[in-house]
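Only one structure is covered here, and it is reproduced in the block below.
The values are calculated or read from the model by the stated rules, or taken from the named source; none is laboratory data. Remember, it's a predicted structure, so these values are computed and weren't measured experimentally. Please note: Cβ atoms are built from the backbone with ideal geometry, for glycine as well, and neighbour counts cover all protein chains shown. Note: accessible area is taken over every heavy atom of the protein model, side chains too, but ligands, DNA and RNA are not part of it. Shrake-Rupley method; radii C 1.70, N 1.55, O 1.52, S 1.80 Å.
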Amino acid sequence: MTEPLLSPVPDDDGAPFWGYAAQGELRIQACADCGELRFPPRPCCPHCQSFGSEWRRMSGHGRVWSYVVPHPPLLPAYAALAPYNAIVVELAEAPRIRLVGNLVTTPGAPLDSFSPERIRIGARVRVVFSGEGLPQWVLESRS
């Protein structure tokens, strides 16, 4: 029997993020008073110290800010998928917000579906969601 891949363990502040992701939506916490976006989610705004928050829907577009290709992987459950990528994406409408995920060929594709040699810093990507509601990223099609 193989180990399962890691799944998020939502806390009270992050649970809405994962709830929206399970519905196929990328939403980021924002201060209800000053409007500043913040990630990771937390109870208090670091800009104005308000405890009011709301969840804003994002376009899901961004750019690859950084990436790593772990080989060998740190966890045994990932060994069959190595080499695979983990990317950091800077959101288009909020460049200070950066999310971690995997660059894949299609929604729900395996972590090793996108060749690490093809990854480029600055590449335009858009969010997609796996069947488990995990944000993943695909290259934006050029139109």
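For (1) among the aromatic types (Phe, Trp, Tyr); (2) modelled with pLDDT of 95 or more; (3) within 15 Å of the chain's Cα centre (by Cα); (4) exposed (fewer than 13 other Cβ atoms within 10 Å of the Cβ), each residue gets a yes or a no:
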residue: His61; (1), (2), (3), (4): no, yes, yes, no
residue: Leu74; (1), (2), (3), (4): no, no, no, yes
residue: Pro83; (1), (2), (3), (4): no, no, no, no
residue: Ala92; (1), (2), (3), (4): no, yes, yes, no
residue: Val125; (1), (2), (3), (4): no, yes, yes, no
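With the structure loaded, tell me whether Arg98 is farther than 22 Å from Pro41 by Cα and either among the charged types (D, E, K, R) or surrounded by fewer than 13 Cβ atoms within 10 Å (Cβ to Cβ) (or both) or whether it fails that test. Taking the combined requirement at face value, the residue does not satisfy it. If you go through segment 33-54 and keep only what is free of Cβ contacts under 8 Å to residues at least 24 places away in the same chain and open to solvent by 50 Å² or more (accessible area, probe 1.4 Å), you end up with Asp33, Cys34, Glu36, Pro46, His47, Cys48, Gln49, Phe51. Selection of segment 96-135 for residues being assigned to a strand (DSSP E or B) and farther than 16 Å from Trp65 by Cβ yields Val128, Phe129.
Report those strands (runs of 3 or more DSSP E) wholly inside segment 11-76 carrying at least 3 residues which are within 22 Å of Pro107 (Cβ to Cβ).
Here the list reads 61-68.
What is the number of the single condition among (1) in contact (Cβ under 8 Å) with a residue 12 or more places away in the chain; (2) farther than 28 Å from Glu117 by Cβ that Ala77 does not meet? Answer for Ala77: the failing condition is (2).
Yes or no: Glu140 open to solvent by less than 70 Å² (accessible area, probe 1.4 Å), charged (D, E, K, R) and either touching a residue at least 12 places away in the same chain (Cβ under 8 Å) or within 25 Å of Tyr20 (Cα to Cα) (or both)? Yes: the conditions hold for Glu140. Yes or no: segment 109-123 includes at least one residue that is at pLDDT 95 or above, open to solvent by 20 Å² or more (accessible area, probe 1.4 Å) and among the hydrophobic types (A, V, I, L, M, F, W, C). Looking through segment 109-123, at least one residue is at pLDDT 95 or above, open to solvent by 20 Å² or more (accessible area, probe 1.4 Å) and among the hydrophobic types (A, V, I, L, M, F, W, C). If you check Pro70, Pro8 for being in contact with a strand residue (DSSP E or B) (Cβ under 8 Å, 6 or more places away or on another chain) and either surrounded by 12 or more Cβ atoms within 10 Å (Cβ to Cβ) or of a type in the set (Phe, Trp, Tyr) (or both), only one passes: Pro70. Does Arg63 satisfy the condition of being in contact with an Asp or Glu (Cβ under 8 Å, 6 or more places away or on another chain), charged (D, E, K, R), closer than 20 Å to Arg126 by Cα and touching a residue at least 60 places away in the same chain (Cβ under 8 Å)? For Arg63, the condition - in contact with an Asp or Glu (Cβ under 8 Å, 6 or more places away or on another chain), charged (D, E, K, R), closer than 20 Å to Arg126 by Cα and touching a residue at least 60 places away in the same chain (Cβ under 8 Å) - is met.
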